[in-house]
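Read the structure below first, then the notes.
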Amino acid sequence: MNFTAAQDAAITWRHQDACVVAGPGSGKTTVLVERYRSLVTDHKLEPREILAITFTEKAAANIKAKIAEQFQHDPLMLRELESAWVSTIHGFCARVLRENAIAAGIDPRFAQLDARESDELQLDCLNTALDEFVEQRRPEALELIPALQTPYLTNDLKSSYDGIRSAGKTIAEVRAMPCPTPPVAQRDMSNVLRGLIAAWPAKITPLQQSQRSELLEFAQILDVDADLFALISA
């Protein structure tokens with residue numbers, strides 16, 4: 001196969017780890033398989049010395065099968081490849097923990113949650129936490145409810161928590177972060193809103209006319225109301 005310059009660089013890069021990022025159908029699997037073959041054949045590395053991480057179990061199985069095709073003529077290598085480190089990050093971590101359960105202080109019979117089970121457990125925990133919040137801090141909970149834009153608070157909390165975890169941040173770090181945008185005066189917000197409305201086309205539908213009137217009324221309220229939170233919650 002003829003590789004592009006970028007693909008060839010990914011295959012031949014040495015001395016450091018390599019991360020291959022590309023879109024669907026761009027040949028990532030072929031590049032990774034060729035890199036793996038080169039490490040084993042040309043650089044005499046053993047499969048146990050190579051760690052290959054993919055995003056999905058399907059991709060990991062596909063790469064492992066294609067690597068095996070490269071070594072069909074070598075029964076000994078095929079046997080080594082059966083225990084090769086080719087998996088998702090979750091599969092890699094689970095295997096390390098299972099093989100070193102005693103050192104990790106966990107039951108070697110532990111089970112790994114799938115995506116559905118994980119979501120259900122997170123939602124159960126969030127619902128329990130919200131129930132405790134309402135029971136222990138009822139005045140704050142009643143004050144919060146009118147300010148919600150959607151009744152599905154549990155899903156919003158889960159999305160926020162997943163975003164925090166993906167960013168590698170702790171809750172304490174997020175709380176300590178400054179506001180990413182500077183404070184904006186309500187009068188400035190009113191002026192921006194009026195400017196956006198002024199850019200509307202001359203011919204609009206009756207529904208849009210009604211919406212335009214409501215937005216202009218809201219802009220006028222912004223000019224005089226000092227409590228924006230109370231205004232939005234009303």
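Every read-out reported here was derived from the displayed coordinates using simple, explicitly stated rules and does not represent laboratory data. Just so you know, these numbers come straight off a predicted model, no measurement behind them. Cβ sites come from the backbone with ideal geometry, for glycine too, and all protein chains shown count toward neighbours.
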### Task
Work out how much length L193 to T12 would gain on full extension: take 0.36 nm times their residue separation and subtract the Cα-Cα distance, in nm to one decimal.
59.7 nm
#### Entry: Pair A129, R95: separation of 7 Å Cα→Cβ label points (nm)
3.3 nm
### Message
Run the reach check for K28 against lysines, Cα to Cα strictly under 17 Å, same-chain hits fewer than 8 apart removed. What comes back?
### Response
K58, K64, K66
### Task
Give me the angle, in degrees from 0 to 90, between the Cα long axis of helix 186-198 and the longest principal axis of the Cα atoms of the chain, rounded to the nearest 10.
80 degrees
### Task
Calculate how large, on average over all directions, the projected area of the Cα convex hull of region 95-234 is; give the answer in nm² to one decimal.
14.4 nm²
## Note on the structure
re region 23-66: pairs of Cα atoms spaced beyond 17 Å account for a percent value of 30 percent
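Per DSSP H run of at least 4 residues, take -39500 (n - 2.57); add these up for the chain, divide by its residues and hand me the 222 nm value, nearest 500 deg cm²/dmol.
Working: 13 runs with 145 residues, N = 234.
The helix-only estimate for the chain comes to -19000 deg cm²/dmol at 222 nm.
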### Message
To test your reading of the geometry: what angle, between 0 and 90 degrees and rounded to tens, separates the Cα axis of helix 206-224 from the longest principal axis of the chain?
### Response
80 degrees
### Query
Using alpha-carbon positions, what is the distance between the centroids of region 71-88 and region 1-41, in Å?
19 Å
### Query
Among A104, Q122, L45, which residue has its Cα positioned farthest towards the positive end of the charge dipole of the chain, with +1 placed on the Cβ of Lys and Arg, -1 on the Cβ of Asp and Glu, and the dipole taken about the Cα centre?
L45
### Task
Work from the charge dipole of region 1-117 (Cβ charges, +1 for Lys and Arg, -1 for Asp and Glu, about the Cα centre) and give the residue of F55, A94, V33 farthest towards its positive end.
F55
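Calculated FRET efficiency, L142 and M177, Cβ-Cβ r, R0 22 Å, to nearest 0.05?
Details: r = 28 Å, r/R0 = 1.28.
It comes to 0.20.
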#### Entry: Nearest-ten-degree value, helix 115-136 long axis tilted from longest Cα axis of the chain
40 degrees
### Query
Using the Cα gyration tensor of the chain, with a ≥ b ≥ c the square roots of its eigenvalues, what is the shape: rounded (a/c below 1.5), prolate (a/b larger than b/c) or oblate (neither)?
prolate
### Task
Obtain the nm distance between the two label points defined at T56 and W200 by a simple spin-label model: each point lies 7 Å from its Cα along the Cα-to-C-beta direction.
4.4 nm
#### Entry: Rounded to the nearest 20 debye, dipole of the chain from Cβ charges on Lys, Arg, Asp, Glu
780 debye
